[in-house]
Each structure stands twice: as structure tokens, then as C-alpha cells.
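The values are calculated or read from the model by the stated rules, or taken from the named source; none is laboratory data. These numbers come from a predicted model, not from an experiment. Heads up, the Cβs are rebuilt from the backbone with ideal geometry, glycines too, and the neighbour counts pull from every protein chain shown. Ligands, DNA and RNA are stripped out before the accessible areas are found, and what is left, the full protein with its side chains, is counted by its heavy atoms. Shrake-Rupley method; radii C 1.70, N 1.55, O 1.52, S 1.80 Å.
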Amino acid sequence: MLKFVVLRLGSMVPLLFGVSVAVFFMVHLLPGDPVLIILSGSDVTPKQIEQLRHELGLDLPIHQQYVHWVTKALHGDLGRSIHTRRPVLQAIVEQVGATLQLAFAALGVAVVAGVLIGTLAALRHNTWIDAASMAFAAFGISIPHFWLGLLLLFVFSFTLGWVPATGTEGLKRLVLPAVTLGLMYAAVIARLVRSGLLEVIRQDYIRTARAKGLAEPRVIFGHALKNCLIPVVTIVGLQFGHAMANTVIIETVFSRQGIGRLAITAILEKDFPVTQGVILFMSVMYLAANMLADVAYAYLDPRSREP
Amino acid sequence: MVVGLVLVAGLVVIALGAGVLAPYSPIKVDPLAALQAPSTTHIMGTDQYGRDILSRVLLGSRLTLMVGPAAIAISLFFGLLAGVAAGYVGGRVDTVLMRLVDVMLAFPGVLLALGAIAVLGVGLMNVTIAIGIAYVPNFTRLIRATVLSTKQNLYVEASRAMGAPALYVVARHVLPNIMAPVLVLTSSAIAWAILTGAALNFLGLGTQPPTPEWGVDLSEGRSYLGAAWWMTTFPGVGIMLAVLGTNLLGDGLRDVLDPRLKE
């Protein structure tokens with residue numbers, strides 16, 4: 001197992017290098033001089049232009065710029081925001097808590113709803129419950145989550161007044177964003193659990209469990225479902241990274257604080273250090289989540305550790 | 001598949017005929033008719049400027065529905081080039097292209113699109129290109145894998161042994177045999193692209209008001225959610241039907257073209 005973890009960690013190194021190069025070159029891919037683009041619309045002197053160029057390290061040869069940038073990033077220095085002049089890392093650290101809270105809550109909703117709906121569909125295979133569950137899955141994948149968020153706000157906030165419409169503090173304000181984001185992933189988990197369970201309940205060991213006289217709930221939850229949940233672990237790990245990225249949209253719908261909103265504001269304001277910082281941070285989180293999912297899968301299913 | 005086909009065909013007909021079907025101008029401001037609920041005069045109601053929602057939904061379908069196919073055409077073009085090169089040529093070309101794909105896949109699709117918009121700038125054209133770029137690695141991987149298995153076939157080997165140029169072999173024998181999985185991925189990719197395009201427009205990164213577009217209209221309706229539910233309901237239903245139709249069409253195509261995947 002340790003060998004698997006070390007190998008998997010090792011495989012991340014070239015990817016992290018590639019990600020750092022891609023994020024670094026974002027500024028250099030801009031058509032024209034990035035300094036002039038950043039300063040567009042404001043009256044600046046040539047001295048100020050040179051100062052910003054020096055501050056961003058853009059007056060160095062390209063390979064030195066990369067080494068300089070990556071060394072600083074490894075020391076936690078992602079530069080300063082062009083607009084607020086605050087360190088980018090500080091802005092990310094301030095916002096990441098709310099985003100992580102939303103992503104974890106959404107995945108919690110996804111797992112609970114997905115496993116329940118998937119199990120119900122498999123146990124009532126070829127009935128109206130199965131059809132309704134799979135219709136839910138089809139809608140869950142197709143419904144625009146930013147629209148679903150608005151619908152939930154209209155019903156539960158504006159009409160029923162059960163939860164506050166906007167803001168970040170408190171569990172009440174987390175419910176609707178978590179359900180909005182979570183239902184999309186619940187649909188995928190429900191499909192996975194249903195097809196897995198349909199396959200497992202035809203296996204010999206399930207027939208044996210039933211022949212032993214075990215009660216049906218014990219057969220399903222104690223034997224069948226246990227084996228279906230292994231791929232769900234992987235999917236949840238993969239979904240975590242996507243959920244982090246999709247908070248960009250959900251945070252805007254519910255006017256929540258978070259790194260997603262930080263990214264959108266930075267893009268609209270052409271605040272490149274912040275944009276670069278958030279994209280680098282999110283992709284590292286995404287890779288780490290994928291790695292953890294692989295490790296968890298290998299732990300649960302030792303066969304997958306074989307190369 | 002039939003439902004998917006009907007939905008997609010219906011929406012395409014609406015988008016094409018929107019100019020004739022729309023009862024009002026989608027950008028004509030009428031302060032006296034602001035925020036009117038659905039009625040016989042305005043079937044889907046009006047927005048805060050008194051603009052007719054039905055007309056905006058009909059004409060907005062054009063841009064929303066255009067983003068998906070246009071973006072995925074970009075993904076398909078570059079995915080085909082890179083995937084065929086990696087799978088058919090192999091060797092260093094394959095190694096370099098696949099490492100690039102690995103790096104691109106290290107970013108979630110939405111994040112990759114955001115990064116591209118940060119570089120390209122705000123606007124519908126750039127949103128389309130950004131979404132197109134974000135889906136290139138998925139096509140490259142699939143096409144490479146199918147090319148790798150197709151080129152093992154005897155008829156490809158025979159063609160090569162007879163001295164046929166690589167381009168001829170690819171065009172005559174490889175491409176026709178990889179089209180089925182590519183078509184299935186194209187359909188689900190278009191659904192994702194429509195959804196992502198509408199989301200990016202909703203965030204203000206693409207089409208700008210007053211141009212009618214479903215994502216933009218949802219964003220404008222957000223401020224009037226408590227007072228005018230119709231402003232967000234109808235564009236939202238439009239996006240959902242478009243994505244649902246394309247997804248169902250993709251599922252149907254998959255069942256027809258690759259029956260092994262059918263449950």
C-alpha cells in the first residue's frame with residue numbers, strides 16, 4: 001500500500017510541474033504587453049509601467065521569470081492583487097473556508113441522496129419508482145444548477161421564508177447552496193449505485209446470504225451495498241475537484257463569499273496575480289483530491305494496486 | 001432517443017424561426033409595461049424594462065444554442081488532429097501530446113474555461129473558444145484510444161503494406177471506423193457546452209445585456225426573483241430542455257452505435 005501511495009505521489013510531480021508552467025504562461029499568452037493590458041484605462045507614466053513590470057518580474061528572461069515565480073509560489077508568495085494590493089495567498093486563505101464548507105456539504109448531500117435514490121431504484125427495478133429515480137437522475141444532470149439555485153431561492157426563501165436568501169454565515173445559509181450543487185452529483189451517484197447494485201444482487205454470495213435466512217435489509221445494506229460503494233468513493237473524490245470549480249457559479253447565485261467569486265471578480269477586473277493564484281490553488285486541490293480518491297480506492301480494493 | 005431528437009429539432013426550429021415567431025422586439029424598452037406577469041398581451045410576461053420575455057426567450061435561443069455546437073466544433077477539430085497524430089504516429093509525438101493532455105486534464109473543465117477567458121478576455125466569442133479549448137483533451141484521449149485499436153486491424157495493416165500514404169490510410173480506413181464513439185462523445189459534449197456557456201454568460205463573462213441570451217436573462221432576472229418569477233423561469237426551462245434533449249440524444253446514439261454499453 002505504501003509503495004502505491006509513493007508511486008501515486010510521484011506521478012503527481014510532472015503534473016504539478018505542467019500545471020505551474022501553464023498557469024505561469026497565462027500572463028504571457030495575452031496578446032500584447034501584459035503590463036499595458038493590466039494598466040489599460042488608467043493614466044500612468046512610463047516609470048509606473050516599468051515599476052509594475054519589475055514588480056511582476058516581467059523584465060527578466062522567461063526561464064528566470066518562471067523559476068522566480070515558482071520559487072516564490074512554493075514559499076507561499078503568489079504575488080499581490082493589482083487592485084487591493086493585498087497578498088493573493090491571504091485573499092485565498094480568507095475565502096477558502098467558505099468554499100470548502102460548501103463543497104463538502106454539497107458532496108454530503110450528493111452521497112446521501114445518491115445512495116438512497118440509487119438503492120431504491122435497484123430494489124424496485126422496472127417499477128415506477130425505478131423510472132422516477134432515473135428520471136430524477138436525467139434531470140439532475142441536465143438542469144442548469146444556477147437555475148435550480150434560483151428556483152430553490154424563490155420557493156424556500158422568497159415564498160416560504162424558511163432560509164435567508166444570501167450570505168455566508170451560519171448553517172441555514174448553507175442548505176440551499178449545498179442542495180443546489182449536491183443534486184447534480186447525486187444524479188451521477190444514483191446511476192452508479194443502481195447499476196452496481198443490480199449487478200451485485202445477482203451474485204452467488206448474495207444468494208447465499210438470503211439462503212442463510214438473513215433479513216432483506218441486512219442482505220442489502222450489510223452485503224450488497226458495501227461492495228457497490230467502492231466506485232462511489234472514487235467518484236466522490238473526482239467530484240470534489242469539480243465541486244470546488246463549480247462553486248464559482250453557486251457562490252454568485254447565492255451571493256456567498258468564496259474563492260469562486262474571488263476568481264470571477266479577478267477575471268472581470270483583469271487582476272492577473274489573483275486569477276493565476278486561484279487557478280493554481282484550485283488545480284492543486286483538484287489533483288490532491290484525485291490522488292486521495294485513488295489511494296482510498298486502492299485501500300478498499302487491493303486488486304487495483306496492481307500495476 | 002426519439003424524445004431527445006424531438007426536443008433538439010424543436011429548439012433548432014424555434015431558434016431558426018425566432019425572427020418570425022417573436023411578437024415584439026427583444027430589446028424594445030417600454031417602462032409602462034415593466035414587470036408585468038404573464039398575460040394574453042405578453043404570454044411570458046415582461047422584464048424590468050418592459051421588454052417581452054417571450055421574444056427574448058425565442059431570440060435568446062439562438063446564441064445559447066449556438067455556443068454548444070460552435071465550441072465543440074473547435075474541440076473536435078483540435079481533438080481529431082492531436083488524437084489521430086498521437087494514436088497513428090505514436091512514439092515521441094504520442095508522448096508529448098499525451099503529457100499536454102494530462103496537464104489540461106489537471107484542471108476541471110470550468111476552471112480551464114475560466115483560465116482561457118482570463119487570457120482571451122470577456123465576450124461570447126471568447127467564451128465559445130474557451131469552452132472549446134476545455135474539451136479538447138477529452139476528444140484527444142478518446143480519439144487516440146480508438147485510433148490505437150483501429151490501426152491494429154488487418155485491413156489497415158494491408159493498406160499500409162501496399163504502400164498507401166499515411167494520410168490516405170487515416171482518411172480512408174481509420175476515420176470512418178472511429179466515428180461512432182466520437183459522435184456519442186460529441187453529443188454529450190454539446191450538452192455540457194450549452195450548460196457551461198449559459199453559466200459563463202450568467203456570470204457576465206460572455207454576452208452582455210441587452211443582447212438576448214438565456215444565461216444573461218437568468219442573471220438579470222436574479223435581481224427580481226421575489227417580484228417577477230417569470231423572468232428566470234422561462235429562460236431556465238429553455239436551457240434545461242436544450243441540455244436534456246442533447247443528453248437524451250447522446251444516450252440514444254450510444255445505445256444504437258454501441259449496444260454493448262446499453263444496460
Sum of -39500 (n - 2.57) over DSSP H runs of 4+, divided by residues of chain B (222 nm, nearest 500): -23500 deg cm²/dmol
Kyte-Doolittle mean at least 0.0 and Cα axial length at least 15 Å: DSSP H helices in chain B: B:2-21, B:53-84, B:91-105, B:109-120, B:124-150, B:175-202, B:230-257
Shape category assigned to segment B:1-134 from the gyration tensor of Cα positions, a/c cut at 1.5: prolate
Helix axis angle, A:88-123 relative to chain A longest principal axis, alpha carbon, degrees: 20
Out-of-range pairs (alpha-carbon distance over 32 Å; input A:K47/A:K72; A:K226/B:K151; A:K3/A:K212): A:K226/B:K151; A:K3/A:K212
For the protein assembly as shown: rounded, prolate or oblate by the Cα gyration tensor [a/c cutoff 1.5]: rounded
Size of electric dipole in chain B: Cβ of Lys, Arg +1 and of Asp, Glu -1, about Cα centre, debye, nearest 20: 660
Solvent-accessible area of A:D33 with every protein chain in place, 1.4 Å probe, in Å² to the nearest 10: 50
Value of [θ]222 nm, deg cm²/dmol, for chain A, DSSP H segments ≥ 4, -39500 (n - 2.57) each, nearest 500: -24000 deg cm²/dmol
Interface A:B - total buried accessible surface [probe 1.4 Å, Å², rounded to 100]: 3500
Size of electric dipole in the protein assembly as shown: Cβ of Lys, Arg +1 and of Asp, Glu -1, about Cα centre, debye, nearest 20: 1260
Heavy atoms of A:E199: accessible area, 1.4 Å probe, square angstrom to 10: 120
Computed Rg/Rh of segment A:30-77, alpha carbon atoms with Kirkwood Rh: 1.03
Debye equation applied to the C-alpha atoms of segment A:47-179, log10 I(q)/I(0) at 0.14 Å⁻¹: -0.84
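What do you get for Rg/Rh over segment B:2-262 if you use C-alpha atoms and the Kirkwood form of Rh? Write out the running numbers ahead of the final one.
Details: Rg = 21.8 Å, Rh = 20.1 Å.
That ratio is 1.09, to two decimals.
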Pairwise centroid distance, computed over Cα atoms, of segment B:151-223 with segment A:113-162, Å: 28
Mean-position separation - Cα centroids, segment B:3-56 and segment B:61-77, in angstrom: 22
Backbone HN-Hα couplings from phi across segment A:211-225 [Karplus 6.51/-1.76/1.60, Hz, Gly and Pro as x]: 5, 5, x, 5, 5, 4, x, 5, 5, 5, 7, x, 10, 5, 4
